[in-house]
Structures are given as C-alpha cells and as structure tokens.
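*Asks:* To start, I am sharing the structure in question, which I have written as structure tokens.
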C-alpha cells in the first residue's frame with residue numbers, strides 16, 4: 001500500500017490547534033505548520049516530502065486506520 005495516497009482529516013475541538021508536517025529523509029525537520037480554530041477541518045495527505053504529522057491541541061483525527069481523539 002502506498003501511504004502517499006492516504007488522506008486524513010483533522011478537526012479542531014478548540015482554538016489554536018497546531019498541525020505540523022515533518023519531512024522525509026535522513027534528517028527529519030518541520031516543513032509546514034497550520035493553526036486551526038475550533039470547528040475547522042483540515043484534509044491532508046502524506047507526500048514525497050511529508051512523512052509524519054504532529055497535532056498539538058484538542059482535535060479529532062480520522063484515518064483509514066480509525067479515529068483518534070487527542071487528550072491533554
């Protein structure tokens with residue numbers, strides 16, 4: 001399965017949820033950041049440049065593997 005075709009959804013449960021993209025390769029670095037307010041939804045996917053995503057704050061994350069509800 002090619003994970004670059006995987007879409008995931010992040011829905012903010014509070015203002016100021018940070019979504020941070022991390023690069024692929026031997027050096028993992030932050031390369032993109034978004035801030036979501038309560039109720040905002042972001043639909044994203046992994047790419048040739050993005051290998052991981054970090055979510056900071058209260059949010060619901062939906063993937064093909066299930067739903068994750070973050071806790072603080």
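*Asks:* For percent of Cα pairs over 13 Å apart, the choices are [x] 58; [y] 68; [z] 64; which was calculated from the structure?
*Replies:* [z]
*Asks:* Which of 61, 68, 43 comes first, and how do the rest follow, when ranked by fewest Cβ neighbours within 10 Å?
*Replies:* Fewest-to-most ranking of 61, 68, 43: 43, 68, 61.
*Asks:* So for the chain, averaging the separation of alpha carbon pairs under 8 Å that are six or more residues apart and normalising by length, what relative contact order in percent results?
*Replies:* Relative CO of the chain lands at 40 percent.
*Asks:* Tell me, 26, 51, 33 in order of fewest to most beta-carbon neighbours within 10 Å?
*Replies:* Result, fewest neighbours first: 26, 33, 51.
*Asks:* Counting other C-beta atoms within 10 Å, which of 47, 23 has the fewest, and how do the rest follow?
*Replies:* 47, 23
The numbers here are math on the coordinates, done by the rules we state, and not lab data. Quick caveat, the model's predicted, so the values are computed rather than measured. Virtual Cβ from ideal backbone geometry, glycine too; neighbours counted across all protein chains shown.
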